[in-house]
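The values are calculated or read from the model by the stated rules, or taken from the named source; none is laboratory data. All values derive from a computational prediction rather than experimental measurement. All Cβ positions, even for glycine, are placed from backbone atoms using ideal geometry, and neighbour counts span all protein chains on display.
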Amino acid sequence: MKPVLRIAAFALPLLASTLALAQLPGRHPHYIHALSDLRAAQWQIDHRRPEDGEMREDELVASDEVAAAIHSTGSAAAADEKDLGWNPPPDAPPAYDGRLHAAIDLLRAARADLAQPEDDPAARNQQKLAILRVDAAIHAAGRAVGDARRVQDSRE
């Protein structure tokens with residue numbers, strides 16, 4: 001076999017495997033992980049049990065902030081050319097101290113994902129906006145936990 005053919009026979013599988021890896025999610029898929037956590041947090045906030053009563057203002061604010069964070073994170077992921085169709089499971093296992101506590105845990109995990117260094121200038125503004133929205137959602141969910149405790153204490 002000629003040396004050129006030997007090199008080509010060796011290089012072709014190497015090139016094919018490199019191209020296959022290029023189709024995987026990017027070097028830092030933190031936006032996609034954050035989206036999974038944000039969606040799970042949104043579900044925890046919005047899905048109430050009948051005995052929880054009606055949704056209070058702080059829960060509505062938290063839900064709206066999570067929705068805005070999902071939008072900003074999706075925009076940042078698109079600017080960073082991440083595969084928005086990839087949906088990994090949420091990072092944080094929801095410990096059951098209640099749905100709002102689980103939502104706060106998920107929001108904190110999303111914030112940690114979003115706070116990763118971003119090297120794409122096109123995604124930085126959306127990243128910063130998403131972090132601000134997540135912080136606002138954490139704050140509102142914390143207030144909602146306090147509201148729920150006050151309501152529970154008044155019933156006893």
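For every residue, the table says whether it meets (1) at pLDDT 80 or above; (2) exposed (fewer than 10 other Cβ atoms within 10 Å of the Cβ); (3) not β-branched (Val, Ile, Thr).
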| position | (1), (2), (3) |
| --- | --- |
| LEU5 | no, yes, yes |
| THR18 | no, yes, no |
| ARG27 | no, yes, yes |
| TYR31 | yes, no, yes |
| LEU35 | yes, no, yes |
| ARG49 | no, yes, yes |
| ALA62 | yes, no, yes |
Legend entry - region 112-122 - residue that is in a helix (DSSP H, G or I) and in contact (Cβ under 8 Å) with a residue 60 or more places away in the chain and, of those, surrounded by the fewest Cβ atoms within 10 Å (Cβ to Cβ): ASP113
Inset, instruction - Would you check if VAL134 is β-branched (Val, Ile, Thr), buried (at least 22 other Cβ atoms within 10 Å of the Cβ) and touching a residue at least 12 places away in the same chain (Cβ under 8 Å)? - result: yes
Inset, instruction - Could you figure out which of (1) modelled with pLDDT under 90; (2) in a helix (DSSP H, G or I) isn't true of ALA95? - result: (2)
Legend entry - Residues satisfying the stated conditions in region 50-68, i.e. without any contact (Cβ under 8 Å) to a residue 24 or more places away in the chain and in a loop (DSSP other than H, G, I, E, B): GLU54, MET55
Inset, instruction - Assess whether ALA136 counts as being of a type outside the set (Phe, Trp, Tyr), modelled with pLDDT of 95 or more and within 27 Å of MET55 (Cβ to Cβ). - result: yes
